[in-house]
Amino acid sequence: MAGEVNDFDTSYPKMLRQIPSPPKKLYYKGKFNKEIFENCLAVVGSRKMSPYGERVLEKIFSTLAPEITIVSGFMYGVDAEAHRKALKFGLRTIAVMPCGIDLIHPEGQKNLYEEIVSKGLILSEFDGVFEPKLWTYPRRNRIVAGLSMAVLVIEAASESGSLITARMAHSFGRDVFVVPGSIFSELNSGKVQISNEFAKTIDSGFSINKFFNLNYTGKLSEECKINNSEILNYLRSIPMTIDDLKKQFPNKDISQISTEVTLLTMNKHIVERDGVFYAC
Amino acid sequence: MLVKVKSIANRGMQTFGVDVEVNISNRGIPGLEIVGLADKSVAESRDRVKTAFQNSGLQFPNKKITINLAPADLNKEGSFYDLPIATGLICALLEVPVPECSLFFGELSFDGSLRHTKSSFLLSLYAKENNLNTIFVPQSCAKEAASIGGLSVYGVEDLSSLVDHLTGKNLIEKYCNLDSENEAYFDKDSSEYNYVVGQGQAKRALQICASGGHNLIMIGPPGSGKTMVAKSINSIIPDLSEEESIEVTKIYSLVGKIPPNFGLLKKRPFRSPHHTISYAGMVGGGNNPMPGEVTLAHRGILFMDEFSEFSRQVIESLRQPLENGKITVSRSRFSAEFPCRFTLIASSNPCPCGFYGDPNHQCTCTENKIKNYRAKLSGPILDRIDIHVNVLPVEKKLLIKDSFSSSNETLDFIKNKVANTRLIQQKRFKDEKIFTNSEIANSQIDKFCSFGEGAKRLLEQAIDAYCLSARAYFKIIRVARTIADLDEKSDIEINHIAEAVQYRSKFFL
């Protein structure tokens, strides 16, 4: 389903009307209905998502109430992963494009685009196959911030686009949430900046549910059963590679550690990203 | 007067017999002419032989001399026809018989001495096959030629000693190989396995790779020790078996890479071509096709550092060699088949800047750049690589601290384990044409890989849990087979499968 909506139409999203310069016309593809614009949470972050960022999304989204709509910018990295995880956990999702409504940008994510069209909503204030320009990205960010009641910053370097969106949302009077990160990561510096100014720090989806006044206790921890493996206990505190584990357990040889790690992964107690193992 | 002397001609790896016919005639304008499709290096033999004669105090006849290299339709190249031509002339002039069932081979120097000449090993192989039990080669080639055994090898020092031998005045002594110790010819650029600090997983992978001949790829940021790990394989891989040694020596003899006074090669070849290598340099080429790096790495290691920097054509050209263990180089005049059963060890950075996934550095590449970089590696080549390992930088404090002794596995222990695993495989495949587990075809998996209790079930679960392809399934079984052999177990057990799963391809799905 594709179409357009003007700012005088009743179906025009209410939240967006409240910002200083709302788009006069919005083009859309997908499920355009009233519910999808309720309880919108904008999720922003770096184009270069770290494995940590992916795990944050997985963990927080798995505990979000299904009434929440995830709004993001369809760029690769955190944006695209937010859409993917939203679809994975059955949340509604809106992708706001920086380009014409008929253009898929970035084009490599065609599959995701089609999935959003069928299960969520694609929005743009530009017509046809208008190419994205440097100036269209902040315009897009204003819609992302404007649609949402709150913005969640997953990962952001200082002076990044994600920070611009967060500040914009703050100026619209919306709430901003950040997820704590490692102080050794560059993608944490932006989050520190805004949490010193206005943002609230959260570490699970339950605080977001609370913010939206939604009562949802979630489906967490059913899979992550307690296992008395020594390796698992170590991974719970710090993510490690197989070589790190070898240092912790000098008595076990590499083949034993590899074996145990495979079995733990298959039981979904731990996950692996680029050779590093993390406890679930 | 007509004299016939036997010699050879090489075409690729094939050797043909050549008759060098020398005719000295009293009629006609004096001079020396060579016929029989001789190339420049053979034609120049005329001047070398003439000058060598004069400088050895022999009278060069002032008559019409014609030399025919038969069969006349086979191209001849190389400088080794000097000795057969000179022998023919001596026998014709001094009217002594040419020794029976003998092959002559070698390049002359102006002073009458014989120079080290390439491919004498091929000569002795040909001699043995054709029951020609005597060969005359330059002194420095005698060990190489004699290493096959069962031949009378005469190492000729210079022309005058040859004259003395042919006339029976003073016989050259038959070469006999007194020292049969291992030749350490490839041993120049290796790091010792137990001096590699940290990198336990990569080292374990290397052990499996050395034992089962599996191809290995290591991916990690610069400076993490990939190259050092790869080179340390030289210190744990067992020497060539006799059969393999003959195959390898033949190749190295053909390209003239056996130094003077060396015999059979015992160490496995380790080739590490630079990434600017040309296509022909990798697979072989030339008008008269000569082997490339893949063939020089036969029965040994082909190490491709910075794998993704190699040109696309070079990487793709590895497909056939990796699959069949041989390569056919076809040129308009001739096509040659070279063996190239090598173990590939590749190393690569995870992205163009190199720091993707490095805990200490920020990667500066865009998503697209990383995608394009990895696209070069994906596809059929990666499918042929059984073991994939992530290598992360070693912590500096580990390097500073003297932790060499922390490993309870000494070099000798590992070496024995690897050698033992190779022996187990040799027994398993004695009726097959393969040597290692990495060569097991998918159709042979059932025959050679039996599973212990629960192992197959675990494998099936792993396929589901990790979303692995059918190809990955066979790869895991092959690697698990080697791990079980390292464990000296006849059945593949649960822990072998579980470990093998860790070496699956994770990077380029």
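The values are calculated or read from the model by the stated rules, or taken from the named source; none is laboratory data. This structure is a prediction, so every number in the text was calculated from the model and none was measured. Backbone-built Cβ (ideal geometry, glycine too); neighbour counts: all protein chains shown.
For the reader, a short list of remarks on this structure follows.
- Residue B:435 vs. criteria in contact (Cβ under 8 Å) with a residue 24 or more places away in the chain, more than 14 Å from chain A (Cβ to nearest Cβ) and not hydroxyl-bearing (Ser, Thr, Tyr): yes
- Which numbered condition residue B:15 misses (of (1) out of contact with any Pro (no Cβ under 8 Å at 6 or more places or on another chain); (2) closer than 22 Å to residue B:163 by Cα; (3) of a type in the set (Ser, Thr, Tyr); (4) surrounded by 17 or more Cβ atoms within 10 Å (Cβ to Cβ)): (2)
- Only one entry of A:64, A:112, A:26, A:16 meets the criterion of being of a type in the set (A, V, I, L, M) and more than 25 Å from residue A:129 (Cα to Cα), and that entry is A:64.
- Assessment of segment B:237-246 against the conditions (modelled with pLDDT of 90 or more, under 30 Å from residue B:115 (Cα atoms) and touching a strand residue (DSSP E or B) at 6+ places or on another chain (Cβ under 6 Å)) yields no matching residue.
- Qualifying residues in segment A:232-280 (those that are among the charged types (D, E, K, R) and more than 10 Å from chain B (Cβ to nearest Cβ)) - the one farthest from residue B:203 (Cα to Cα): A:236
- Helices (runs of 4 or more DSSP H) fully within segment B:80-166 counting 3 or more residues that are more than 32 Å from the chain's Cα centre (by Cα) and in contact (Cβ under 8 Å) with a residue 24 or more places away in the chain: B:82-94
- Test: residue in segment B:299-310 that is closer than 30 Å to residue B:74 by Cβ, of a type in the set (Lys, Arg), touching a residue at least 24 places away in the same chain (Cβ under 8 Å) and out of contact with any His (no Cβ under 7 Å at 6 or more places or on another chain): yes
- Among residues of segment B:294-346, those that are part of a loop (DSSP other than H, G, I, E, B), under 30 Å from residue B:369 (Cα atoms) and of a type outside the set (Ser, Thr, Tyr), counted: 4
- Reported count of residues in segment B:468-488, each being within 12 Å of another protein chain (Cβ to nearest Cβ) and surrounded by fewer than 18 Cβ atoms within 10 Å (Cβ to Cβ), is 1.
- Tally of residues being within 14 Å of chain B (Cβ to nearest Cβ) and either under 13 Å from residue A:42 (Cβ atoms) or among the aliphatic types (A, V, I, L, M) (or both) across segment A:76-115: 4
- Lone qualifier among B:76, B:6, B:64 - being in contact with a strand residue (DSSP E or B) (Cβ under 8 Å, 6 or more places away or on another chain) and more than 30 Å from residue B:328 (Cβ to Cβ): B:64
- Note on segment B:63-91: residues that are buried (at least 23 other Cβ atoms within 10 Å of the Cβ) and under 26 Å from residue B:334 (Cα atoms) amount to 7.
- Top-ranked residue in segment A:122-141 [being among the basic types (Lys, Arg) and surrounded by fewer than 19 Cβ atoms within 10 Å (Cβ to Cβ); ranked as nearest to residue A:161 (Cα to Cα)]: A:139
- In the set (1) in a helix (DSSP H, G or I); (2) touching a residue at least 12 places away in the same chain (Cβ under 8 Å), residue A:155 fails one condition alone, (1).
- Some residue of segment A:241-250 being closer than 18 Å to residue B:462 by Cα and either touching a residue at least 40 places away in the same chain (Cβ under 8 Å) or in contact with a Leu (Cβ under 9 Å, 6 or more places away or on another chain) (or both): no
To keep it simple, each residue is scored yes or no on (1) in a loop (DSSP other than H, G, I, E, B); (2) farther than 19 Å from residue A:39 by Cα; (3) touching a residue at least 24 places away in the same chain (Cβ under 8 Å); (4) within 14 Å of chain B (Cβ to nearest Cβ).
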| residue | (1), (2), (3), (4) |
| --- | --- |
| A:131 | yes, yes, yes, no |
| A:134 | yes, yes, no, no |
| A:137 | no, yes, yes, no |
| A:168 | no, no, yes, no |
| A:188 | no, yes, yes, yes |
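- Filter pass, residue B:293 being of a type in the set (Asp, Glu) and either over 25 Å from residue B:351 (Cα atoms) or buried (at least 24 other Cβ atoms within 10 Å of the Cβ) (or both): yes
- Residue list for segment B:92-105, filter: within 18 Å of residue B:128 (Cα to Cα) and either surrounded by 20 or more Cβ atoms within 10 Å (Cβ to Cβ) or hydroxyl-bearing (Ser, Thr, Tyr) (or both): B:102, B:103, B:104, B:105
- Selected residue (only one of A:41, A:57, A:64 is part of a helix (DSSP H, G or I), surrounded by 14 or more Cβ atoms within 10 Å (Cβ to Cβ) and within 15 Å of the chain's Cα centre (by Cα)): A:57
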